[in-house]
Amino acid sequence: MSRIFLDTNVILDLLGERDPFYESIAKIATLADQKKITLVVSPLSFTTVDYVLNKYESSDSVWKKLRMFKILCQVCAVNEETIEKALNSEFSDFEDAVQYFTALQSTCSIIITRNGKDFKNSTLPVMTAEEYLNSIA
């Protein structure tokens, strides 16, 4: 089963139902719900999503969404090795570096993001949700 790493921005698209990106990431979430793929996310994404969505909706609503989302995904570890690799990488953005090395250490086969340029040095394929869906059609 494919292990798909979700960057924070596509999680925000899903839980915030952000158009025009929601539909494609919702289809990917459905694949995970059907056990056709495994979604993997960093614990950092949960805190960031909570912070951002709380600006637009109640904490109760956000926590409910995060609890539902947690059922669909695996949360990977961020450890000292992850941080060390991120700090010494070619990435210009530390958060992106942590996401990338988390995906690698979690044996993911692809990164789904809307900001592919942030992962230009990736050894993993990097796609948008729509590109991923087209690749498996």
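The values are calculated or read from the model by the stated rules, or taken from the named source; none is laboratory data. This is a predicted model, so every value here is computed, not measured. Please note: Cβ atoms are built from the backbone with ideal geometry, for glycine as well, and neighbour counts cover all protein chains shown.
Just a few scattered comments:
- Within region 1-39, the set of residues being farther than 25 Å from residue 61 by Cβ, in a loop (DSSP other than H, G, I, E, B) and not charged (D, E, K, R) comprises 1, 34.
- Matching entry among 91, 101 (being surrounded by 15 or more Cβ atoms within 10 Å (Cβ to Cβ) and in a helix (DSSP H, G or I)): 101
- Sole residue being of a type in the set (A, V, I, L, M) and without any contact (Cβ under 8 Å) to a residue 24 or more places away in the chain, chosen from 44, 87: 87
- Residue 106, sole failed condition from (1) closer than 17 Å to residue 14 by Cα; (2) surrounded by fewer than 20 Cβ atoms within 10 Å (Cβ to Cβ); (3) of a type in the set (Gly, Ala, Ser): (1)
- Residue among 55, 117, 27, 64 that alone is closer than 17 Å to residue 136 by Cβ and either modelled with pLDDT under 95 or surrounded by fewer than 16 Cβ atoms within 10 Å (Cβ to Cβ) (or both): 27
- Complete set of residues in region 7-54 that are farther than 14 Å from residue 73 by Cβ and aromatic (Phe, Trp, Tyr): 21, 22, 51
- In region 108-137, residue nearest to the chain's Cα centre (by Cα) [restricted to those that are within 13 Å of residue 5 (Cα to Cα) and among the polar types (S, T, N, Q)]: 113
- Counted residues, region 18-43 - those being among the aliphatic types (A, V, I, L, M), over 14 Å from residue 113 (Cβ atoms) and within 12 Å of the chain's Cα centre (by Cα): 1
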